[in-house]
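*Asks:* The following block contains the structure, expressed as structure tokens.
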Amino acid sequence: MKFSPLPCRLAAFAAFAVGVSACDQGPAAVPSDTSANQLDAKLGEDLSAEDSASGSDGGTWEVSDAPTAAPDAEVDAITKCPSQPSYSMPLACTGSFSCTFGKECCCGICGASTQCHCTAGQFSCGATDLCFGAKCSPGCSMDQFQTPSGCKTCAAIGVALPAEISATLAPLRTCAADADCGTLQGADVCGWCSYGVALAQQATATQALAKMKKTWCTGPAGPCNLPCPESGQPACVQGVCHLVGLCDPLLGGPGTPCNDNNACTSGDVCSGPGKCAGKLVDCDDGNPCTQDTCSATGGCGHKPLSVPCPATLACSAGAQCMMGTCTDLGVKGWDASVTQLGIIPGTPRVRRLADGGVLYTSATGKQDQMYAVRLSAAGAVLLTTTVAAPVADAVAAAADGGFATTGFSYTKTWTNQKPNVLRWDASAKLLWTQELPLQGGMPSLLEALPSGGWLALGGYQPQMPNSWHTWLAVLEDSGKVAFTADLGPGAGYGKAAVAASKGSSHAVLQAVAGPSSTPGDSMGDVRWLRLDAAGKVVGEKQLSAGQGDTQPGGLVAHTQGWLAGVRGTVAGGATGKPSAFSLFLLDDNGAVLWSKAVASTAFGVVAAAPQPWLLHWTDKALSVQEIGAGGSLTDGLAVPSSLLITGSGLAYEPYGDGGLLLAGVQNMQARVRRVLPAGGMCP
């Protein structure tokens, strides 16, 4: 394609830079002012380089890969300027610069009218307008468009066009009944609209609207984005077809019945022109085993759930939703909901209180806030409260009906956090808080001591980086710290440990990190330690399950010493697949009195009366075996998996009568369940 000589192009470029059309000013000439000469020099340098590259002379610029005019491109008879694509840079036109009506010479384009137009030889928009997407209509100023009644803005068209449509369709709306009326779907003028007309007149109405479109809609997209004058469903009112979904004022004012076409509302009425709304329908079917929903097209829906549900029988430990029906699970005990509106239940904790009642605690979804619920021995909720406290990592019950919790506080950085113990009375009133001098400490266990004090255990960082140790602290019931002890490097951020107390001595079962482990891993053996009343280590023993990574599996005081469980896992430390479990009975010096390998489904040894328990977990049940002399095992309580609430972790504790307390959260429902032993009496 050949472009115009360089002087004309420079004139157009200079005119483009100041927002004036070169084509409005007659034959092109190189401006003599400084800015134009600077542009001349600059463009001359650029074009000379390209001319040299293409081998052309300086009079014309030939670009071999430039778009060429289409064979059928329109050519202005006066200007002889072929059409160019709209993305072309502004270059001057050649010859005369007047255009015939409906043709344009804008940004170097002479051809069919698209965006910029000429009228009487002058542009109605500047040379730069096309390049920036401006729109104008022949014979009209900017932002106005040609209509049958003259140049109008979009706002004016939005008033005049609906009136014109209404007048055109008025004789085509006559009806005698609803059945005579129909809707022209998508019979648009400048938009995609629907109109109510008589069925017999639909063809005539379609032709009339198409004719209006040719005379009213001259530019792209309408050219204005106009709202549809009618919407809704047709109806015959007083012999005239209307569309009433948008609350046509002709049909009645506010309060007039209408239809908002939303199945989730009822009692729809007009609240003003174009506004139809109703009240939301109540989709609650009263069934705890369905999820109630509503869609605008289908209305209410009820999806069956598989979640715990309130027990329907007396002395029942729980029920489960099955196929939309709440079904009792046939286990004796009680089931209590501890869900409270506005609280997002976190990991649950559950403890048996001294009076036989139950304490449930969890986080609330808010920082430094704890949720506590006190229940009676029969499962009645006696107290629910939220208190300002760090997250309760562990909870222990006091003999006076109160309890204690552990948490941690920190300022600015993680390493500044310190563990603390908080003491509460029976009404969840804070009695005291004791911060422990352990930098970066995180608590994991809290136990009430027979003496009335407290034993706390966790991990901390005595120095950076990743130097995680296990710590143990003993406090008096007043909150005074008796001692803290650093038990050396430990796995699981120092928290992979359990503890127990007997008399004035304390024992710890600690996972020792292997030489290649990271702080979160749990590799190597398990170490048993005994501390005296002053916190001094007076006994030590290495234990192993004999296979895979080794984890503490529980520790309880025993009449002959200490009963420890050691769990082996493969492929992933604490979260790996159980591979082995062994029981060890040690005396106070750490000598092993007996040991026994048990089923790998075992996961913990817990203190219970009259004998310690070994807990097993399978896909089908949580089961209990009593540990007797020499490691003999006697089958005890079995809880079906359907009774276990495991969505956000399961908390459990022996109740003391051979039964078990369970707490959990599933689908935002927090529940506590007491499971009675075989032959147990209903509370």
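*Asks:* Count the net charge of all other residues whose Cβ sits under 13 Å from the Cβ of residue 498, scoring Lys and Arg as +1 and Asp and Glu as -1.
*Replies:* Numbers: positive: 495, 527, 567; negative: 447.
Local charge sum for residue 498: +2.
*Asks:* Compute the signed sum of charges (Lys and Arg +1, Asp and Glu -1) over the other residues within less than 14 Å, Cβ to Cβ, of residue 301.
*Replies:* On the way: positive: 303; negative: 282, 284, 285, 292.
Residues close to residue 301 contribute a combined charge of -3.
*Asks:* Can you send over the solvent-accessible area of residue 635, 1.4 Å probe, protein chains only, in Å² to the nearest 10?
*Replies:* Per-residue accessible area (residue 635): approximately 120 Å².
*Asks:* While we're looking at this one, here's another question. Just to confirm the filter: which chymotrypsin sites (Phe, Trp or Tyr not before Pro) across the stretch 595-647 are DSSP coil and have at most 14 other Cβ within 10 angstrom of their Cβ? Intermediate results must be reported in sequence, preceding the final value.
*Replies:* Details: sites: 603, 613, 617; in loops: none.
Passing sites in the stretch 595-647 do not exist.
*Asks:* Below 11 angstrom from the Cβ of residue 542, what's the summed charge of the other residues (Lys, Arg +1; Asp, Glu -1)?
*Replies:* 0
*Asks:* Compute, for residue 164, the solvent-accessible surface of its heavy atoms (probe 1.4 Å) with the complete set of protein chains present, and express it in square angstrom to the nearest 10.
*Replies:* Result for residue 164: roughly 80 Å² accessible.
*Asks:* Sorting 668, 370, 681, 323 by accessible area (1.4 Å probe), largest first, what list results? Working shown, then result.
*Replies:* Working: 668 105, 370 0, 681 160, 323 180 Å².
Greatest to least solvent exposure: 323, 681, 668, 370.
*Asks:* With a 1.4 Å probe and all protein chains kept in place, how do 309, 276 rank by accessible area, largest first?
*Replies:* On the way: 309 0, 276 25 Å².
Listed by decreasing accessible area, they come as 276, 309.
*Asks:* Using a 1.4 Å probe and ignoring any ligands, DNA or RNA, find the accessible area of residue 302 and quote it in Å² to the nearest 10.
*Replies:* Using a 1.4 Å probe on the heavy atoms, I get roughly 90 Å².
*Asks:* Something else now. Using 28 Å as the Cα-Cα cut-off, could you pick out the over-long pairs in 332/620; 541/620; 366/418?
*Replies:* Values: 332/620 18 Å; 541/620 36 Å; 366/418 20 Å.
Check vs 28 Å cut-off fails for 541/620.
The values are calculated or read from the model by the stated rules, or taken from the named source; none is laboratory data. If you're wondering where the values come from, they're calculated on a predicted model, not measured in any experiment. A quick note on method: Cβ atoms are made from the backbone with ideal geometry, for glycine too, and the neighbour counts reach across all protein chains shown. Heads up: the accessible areas ignore ligands, DNA and RNA and are worked out on the full protein's heavy atoms, side chains in. Shrake-Rupley method; radii C 1.70, N 1.55, O 1.52, S 1.80 Å.
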